[in-house]
1. So if I check each of 68, 36, which one is crowded, with 23+ Cβ neighbours inside 10 Å, closer than 24 Å to residue 227 by Cα and in the same structural domain as residue 214 (by TED's automatic domain parsing)?
2. Looking at (1) over 23 Å from residue 49 (Cβ atoms); (2) in contact with a helix residue (DSSP H, G or I) (Cβ under 7 Å, 6 or more places away or on another chain); (3) buried (at least 16 other Cβ atoms within 10 Å of the Cβ), can you tell me which one residue 256 breaks?
3. Here are 42, 95: which of them is in contact (Cβ under 8 Å) with a residue 12 or more places away in the chain and under 24 Å from residue 203 (Cα atoms)?
4. Examine region 306-326 for a residue that is surrounded by 19 or more Cβ atoms within 10 Å (Cβ to Cβ), over 21 Å from the mean Cα position of the chain (by Cα), on the phi < 0 side of the Ramachandran plot and part of a helix (DSSP H, G or I), and state whether such a residue exists.
5. Out of region 283-304, which residues are in contact with a helix residue (DSSP H, G or I) (Cβ under 9 Å, 6 or more places away or on another chain) and over 19 Å from residue 336 (Cα atoms)?
6. Being touching a strand residue (DSSP E or B) at 6+ places or on another chain (Cβ under 7 Å) and farther than 17 Å from residue 366 by Cβ is the filter here; which residues of region 258-315 pass it?
7. Residue 181: crowded, with 24+ Cβ neighbours inside 10 Å and outside any loop (DSSP other than H, G, I, E, B), yes or no?
8. Mind counting the residues in region 349-370 that are without any contact (Cβ under 8 Å) to a residue 60 or more places away in the chain, assigned to a loop (DSSP other than H, G, I, E, B) and closer than 14 Å to residue 5 by Cα?
């Protein structure tokens with residue numbers, strides 16, 4: 001395995017300072033002997049609901065389960081169509097597939113890389129039931145436009161907020177706009193657990209009640225099962241860890257923005273680099289810092305040769321994956337999504353990345369173009 005001087009992500013910077021607190025939490029969970037749906041889950045659900053400005057939060061096993069249960073809770077299934085971004089992580093698409101609904105992709109905005117809201121209405125049919133906006137890379141979608149479309153056509157909105165913890169659109173936090181909203185606390189997220197974890201937020205008591213039963217074998221009272229549910233509950237240990245990190249999230253996001261501002265200043269006008277664009281009214285939390293270049297592959301190789309690790313989010317669009325070959329979507333069907341996939345490069349942007357590291361990365365990039 002290649003040893004990078006600067007890895008794409010180093011979670012030790014956020015986790016090591018909390019090691020003693022994590023160990024204390026482990027002992028407390030062990031001593032409480034309440035390992036499923038315990039006090040830490042309840043505490044985190046309340047805290048995260050308060051943080052997002054929603055009435056309810058239901059902790060879940062992971063982000064994909066959160067997306068699937070969001071759709072199941074809304075009654076989305078066979079015969080329904082769900083509008084999704086053409087450019088997103090495949091989990092968004094998989095959730096639609098797993099409930100038996102039909103995926104209806106919409107190309108991305110060439111500036112923000114989020115779903116192009118001007119193209120949504122032309123994809124709506126009598127079978128359309130839900131829109132899934134994805135706040136990609138930490139940038140909020142234009143939720144005013146999306147909610148207006150949904151209200152006009154009597155559609156549900158289920159936000160995919162896995163990459164935008166703490167981001168806002170017109171001073172309202174992502175994960176609070178939709179009828180129901182899914183998120184992931186995968187370790188590398190802005191708010192990351194020490195394993196898999198996720199959640200759903202909503203302002204609807206009925207939807208909250210339904211998802212809480214769905215994740216617990218279809219039951220809210222032991223041995224009484226009112227629906228066909230599963231086992232998708234948030235682990236008590238992960239809830240305890242997330243309780244420790246949630247108060248630190250805003251600070252992590254401030255640091256990500258500070259690092260992004262350095263890139264924005266130092267890389268402006270360098271080569272053919274296209275820098276991230278933040279839409280009016282939005283606050284970006286830079287889960288991922290994306291640049292684009294027609295020489296992306298060569299730049300990535302040059303950075304690797306100089307011990308800087310980068311990633312590509314995402315090199316192959318969901319509709320070009322073998323798993324979705326049966327849809328028969330041509331490679332050039334969504335030109336903006338294809339352009340992003342072919343040219344995007346993700347630079348390191350995590351709390352703990354030093355100013356010296358930043359200077360080194362920037363100098364390597366400048367050196368490549370000169």
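1. Values: 36 fails: crowded, with 23+ Cβ neighbours inside 10 Å.
The match here is 68.
2. If we test residue 256 against (1) over 23 Å from residue 49 (Cβ atoms); (2) in contact with a helix residue (DSSP H, G or I) (Cβ under 7 Å, 6 or more places away or on another chain); (3) buried (at least 16 other Cβ atoms within 10 Å of the Cβ), just (2) comes out false.
3. Details: 42 fails: in contact (Cβ under 8 Å) with a residue 12 or more places away in the chain.
Only one candidate passes the filter, namely 95.
4. no
5. 283, 284, 285, 286, 287, 298, 299, 302, 303
6. Answer for region 258-315, where residues must be touching a strand residue (DSSP E or B) at 6+ places or on another chain (Cβ under 7 Å) and farther than 17 Å from residue 366 by Cβ: 260, 276, 281, 282, 283, 288, 290, 309, 311, 312, 313.
7. Judged against the criteria, residue 181 is a match.
8. 1
The values are calculated or read from the model by the stated rules, or taken from the named source; none is laboratory data. Predicted model only: the values in this text are computed from it and were never measured. Positions of Cβ are backbone-derived with ideal geometry, glycine not excepted, and every protein chain shown enters the neighbour counts.
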